[in-house]
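Worksheet for the structure shown next.
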Amino acid sequence: MTNYLKILWIIVIKNFKGGFCMKYEINCETLAIIPISNGKSKIIEENDEFIIGKKGSNIINDSCKYFGSSYEGRIKGSKDLLGSSHKLPIIIEEINKIVFFPTSSPRNEGCIWLALNSIDNYERVNKENTILKFTCGKTIEIEIPYQIVDNQILRATRLEALYEKRVKKLKKI
């Protein structure tokens, strides 16, 4: 390996292992995308945590594109299925049932994106905070009221159920 390639490889490893990376696609291990500052986001996965140099909405959009759609297309699909128009959950990828939901308007800088199927349980801490317990055993506390988390989980669950109902209907044809 040339010195240039060794240096490039070390930089890539350092940037990723050191907690900072510019490219990321949501996958089955992604639990949450949490905004931090200056357009950066903290990614929490089942076995790792790191910082991405992008806003959560950009990570969501890039992931939709990676799986063959666009954020706008996923939002339109959610609107059509749910009949609502704000704080919509979206299906990032259908085969593995990767469904994410926002905790506030995705245009809001403080919007957290959570993976529906990775949440095992959630509890009220106080008026403003909720603890999320994930199926992998990780726990995080977010500054989002319990009622908002509960409503968003119900909305995302409804989206997933309506989608599955349509898929089953198509299989019978």
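Just so it is clear, none of the values below were taken in a lab; they were calculated from the coordinates. Computed from a prediction, not measured in an experiment: that's the story for all the values here. Don't worry about glycine lacking a Cβ; one is built from the backbone with ideal geometry, like all the others, and counts go over all protein chains shown.
Between 127, 138, 79, the residue with the greatest mean-square fluctuation in the GNM of the chain (Cα pairs under 10 Å linked by springs) is 127.
In what order do 157, 30 fall by count of nearby beta-carbon atoms within 10 Å, going from fewest to most? All intermediate terms of the calculation are to be shown ahead of the outcome.
Working: 157 15, 30 23.
Taking fewest neighbouring Cβ atoms as first place, the list is 157, 30.
Taking the C-alpha atoms only, the angle from helix 56-66 to the longest principal axis of the chain is near 90 degrees.
Taking every alpha-carbon pair under 8 Å whose residues sit at least 6 apart, segment 3-172 reaches a relative contact order of 16 percent.
Give the order of 114, 162, 31 when sorted by the count of other beta carbons within 10 angstrom, beginning with the fewest. Could you put the intermediate results ahead of the total?
Working: 114 28, 162 15, 31 21.
Placing the least packed residue first, the sequence is 162, 31, 114.
If you take all other residues with their beta carbon under 9 Å from the beta carbon of residue 130, and give Lys and Arg +1 and Asp and Glu -1, the sum is -4. The charge dipole of segment 3-172, taken about the Cα centre with unit charges on the Cβ atoms of Lys, Arg (+1) and Asp, Glu (-1), comes to about 600 debye, rounded to the nearest 20. Label-to-label distance, residue 162 versus residue 25, with points set 7 angstrom from Cα along the beta-carbon direction: 2.8 nm.
Give me the extension gain from residue 75 to residue 40: residue separation times 0.36 nm, minus the current Cα-Cα distance, reported in nm with one decimal. Spell out each step's value before the answer.
Values: separation 35, 0.36 × 35 = 12.60 nm, distance 2.28 nm.
Once the chain is fully extended between residue 75 and residue 40, it gains 10.3 nm.
Here the Gaussian network model covers the chain, with springs between Cα atoms less than 10 Å apart; of 39, 137, 110, 137 fluctuates the most. Candidate cross-link partners of residue 65 among the lysines, defined by an alpha-carbon separation under 24 Å and a same-chain spacing of 8 or more, comprise 23, 40, 42, 54, 55, 76, 79, 87, 97.
Helix 3-17 axis versus longest C-alpha principal axis of the chain: approximately 40°, rounded to the nearest ten.
Put in line by how crowded their Cβ is, counting other Cβ atoms within 10 Å and starting with the fewest, 171, 76 read 171, 76.
Site pair residue 66 and residue 82 shows an inter-label distance of 2.2 nm when each label is modelled 7 Å from Cα along Cα→Cβ.
Summarising the label geometry, the points placed 7 Å from Cα in the beta-carbon direction at residue 47 and residue 135 lie 1.7 nm from one another.
Can you tell me the orientation of helix 71-82 relative to the chain, as the angle in degrees between its alpha-carbon axis and the longest Cα principal axis, to the nearest 10? Approximately 20 degrees, to the nearest 10.
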